[in-house]
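The next block holds one structure in the form of structure tokens; read it before the comments.
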Amino acid sequence: MRPVALILLSCLATPALAETPPVQAFGAAHPDCLDWTDGCTICTQKRCSTPGIACTPHEPVCEAQADKPEPPKSEPSKPEPPKSEAPVAPPAEKP
């Protein structure tokens with residue numbers, strides 16, 4: 001078989017690789033993810049590593065997510081002091 005035919009057959013045998021978006025695109029689709037990997041390449045929001053020679057990538061997964069800021073909590077209402085029904089007279093002075 002000719003080399004050109006072998007290249008053509010190998011391209012036809014792996015169409016899924018051509019349809020899979022690169023691991024770098026995972027970060028754009030998941031902005032809250034800080035670190036992700038496909039098993040071959042490790043990426044951060046700034047850069048990605050170089051994959052090994054003999055590595056079979058899988059679906060990218062997020063390994064570290066940014067903490068989402070919690071909405072500000074309202075302070076619990078302070079309980080009002082108990083209301084007395086009758087006014088209390090001050091203690092009498094001793095002579």
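Quick look at the values:
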quantity: Qualifying positions in the stretch 21-39 - buried (at least 16 other Cβ atoms within 10 Å of the Cβ) and of a type outside the set (A, V, I, L, M); calculated: F26, G27, C33, W36, T37, D38
quantity: Residue match in the stretch 4-23 (condition: modelled with pLDDT of 90 or more and either part of a loop (DSSP other than H, G, I, E, B) or under 13 Å from the mean Cα position of the chain (by Cα) (or both)); calculated: no
quantity: Residue check for P69: modelled with pLDDT of 90 or more, exposed (fewer than 10 other Cβ atoms within 10 Å of the Cβ) and under 21 Å from the mean Cα position of the chain (by Cα); calculated: no
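The values are calculated or read from the model by the stated rules, or taken from the named source; none is laboratory data. Small disclaimer: the values here were computed from a predicted structure and weren't measured. A quick note on method: Cβ atoms are made from the backbone with ideal geometry, for glycine too, and the neighbour counts reach across all protein chains shown.
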